[in-house]
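This report concerns only the one structure given below.
Here, each number is a calculation from the coordinates, and none is a lab measurement. Computed from a predicted structure; not experimentally measured. Here Cβ is always computed from backbone atoms with ideal geometry, including for glycine, and neighbour counts include all displayed protein chains.
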Amino acid sequence: MFEATPIAATDKTTLYRELTSQTGGLLHGETNLIANAANFSALVFHTLPDISWCGFYFADGDGLVVGPFQGKPACVRIARGRGVCGAAAASRRTQVVPDVTAFPGHIYCDGAARSEIVVPLVRADGTLLGVWDVDSHSPARFDEADRSGMEALCAQFLRALV
Ligand code: SME
């Protein structure tokens, strides 16, 4: 049985390093997408401070459809190129949005959301699996340390699927 170990680190570099290592343990030996996405969301939601929602949007047809997540119910479908998620999917670059009110076309699933980070999930063969989206009620919750930490975390998630 996997048991999440509380992480005492307060600096983001150590926090993400430990979280990435725990993720490796949690997903080890399982390649099922839904199972791993569900457990990954739960681990991140219960480990990172000050986040209000985290979860997956998977590529589906031309757009994105919600996958496993933690937090309040969310928008089901996001059309191609729309919102922060659509921007991450289209550009294949992580979007760090310190103030969602200033992001043109940001899609509110929770009116209290203030900042957001979205990481594109690109498979080894170059196809887009979807995006990993994390929201906070605090302004500017995510910075460059979160960008590199979340990207490492997502790389670990993608590795487990093959
Ligand atoms: N805010 C996102 C939509 C998804 S929710 O935050 C869960 C966006 O603008 O794409």
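Based on C-alpha pairs under 8 angstrom that are at least 6 apart in sequence, the stretch 65-162 has a relative contact order of 23 percent. For LEU129, the amide hydrogen comes within under 5 Å of the amide hydrogens of LEU121, VAL122, ARG123, counting only partners 5 or more places away or on other chains and with H modelled in the peptide plane. Of the trypsin sites (Lys or Arg not before Pro) found in the stretch 76-162, the ones in coil according to DSSP and having at most 16 other Cβ atoms within 10 Å of their Cβ are ARG80, ARG92, ARG93, ARG123. If the chain linking ILE34 and ARG80 were pulled fully straight, counting 0.36 nm for each residue of separation and taking away their Cα-Cα distance, it would gain 14.3 nm.
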